[in-house]
């Protein structure tokens, strides 16, 4: 187990991940109760997919039969360059190439190399778009704690990380769970949230989040009661991360694939308004912005006028 664990940690560094933690694959009792309550209270808004595969979300052995270990990997996306203050705002995670594509390739490579080192094993890799409670596994793997804004916070580096998960049927040495909460009495994220989406007890009402409205909501019209609350956020929102004291430890990432697309840094509001659908598809073909599609970006721009 020790030998295999050393191999896993070594591969994570070689593939450019910032942190790697390992937890024993087990049923997530507390998380199951919290998720069920969150869904029952309708905090997922129109994200119906959150209701699917509940049993898979809380039990990794339902995803990978015979699963023994959950490997959590963090990769820094904090950018060195920032947008022009006059431009419609875009969440930092979307500055570069779509992280799903980047990280999925790394996870495939990870599994191939791991199998070549330890022999035939079964496993699956996930990043964000599968029924895996990645932040819960990150805490169980000793990588940080859940902040009041619902994000994973790492004491050394803050919260600007993508989280990837590998579930494998290989027994490994497990890291100690992260047992402390270093948010203390700080309420900066709660106080700063423009729409009041962040509630007490680390509950985030997804149906009130700017990221929900600008990315997840597919309706042609954003509810009028949100007018004037978006603070120029056109795609996603970083307010709760930007005000978090722990993010003073964030450092720029060195992954070329997360380097900002020039248009993200250089476009002003007029450039965005003049953008044609053909140009949008060409410029942002590998960007997370394609998730909102051209029509969604136009809708968001109009809403924040």
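Result for the chain in a Gaussian network model with C-alpha springs under 10 Å: among 23, 138, 91, the largest mean-square fluctuation is at 91. Spatial offset of region 257-281 relative to region 8-39 amounts to 35 Å, using the alpha carbon center of each. Residues of region 224-258 falling in the label zone of residue 156, defined by backbone nitrogen less than 19 Å from a point 7 Å along Cα to beta-carbon, are 246-255.
Relative intensity of the chain on a log10 scale, I(q)/I(0) at q = 0.07, 0.09, 0.15, 0.16 Å⁻¹, equals -0.28, -0.46, -1.30, -1.45, per a Debye sum over C-alpha point scatterers of equal strength in the absence of solvent. Helix 2-14 and the longest principal axis of the Cα set of the chain meet at an angle near 30°.
For the ranges 171-184, 140-153, 96-109, what's the packing order if you count other beta-carbon atoms within 10 Å of each residue, average per peptide, and put the highest first?
Working: 171-184: 14.4, 140-153: 22.9, 96-109: 17.9.
Ranking the peptides 171-184, 140-153, 96-109 by packing returns 140-153, 96-109, 171-184.
Estimated from helices alone, the mean residue ellipticity of the chain at 222 nm is -8500 deg cm²/dmol (sum of -39500 (n - 2.57) over DSSP H runs with n ≥ 4, per residue).
The modelled label-to-label distance between residue 278 and residue 226, using points 7 Å beyond Cα along the C-beta direction, is 3.2 nm. Counted residue by residue at 0.36 nm each, then reduced by the alpha carbon distance between them, the extension gain from residue 176 to residue 116 reaches 18.9 nm. Put the Cα centre of region 220-253 next to the Cα centre of region 101-122 and the gap is 34 Å. Annotation: the antiparallel percentage among DSSP beta bridges lying fully within the chain is about 90.
Springs between Cα atoms under 10 Å define the GNM used for the chain, and in it the highest mean-square fluctuation of 160, 78, 280 occurs at 280.
Coordinate-derived values only; no laboratory data. Note that the structure is a prediction, hence the values are computed from the model and not measured. With ideal geometry, Cβ positions are generated from the backbone for all residues, glycine too; neighbour counts draw on all protein chains shown.
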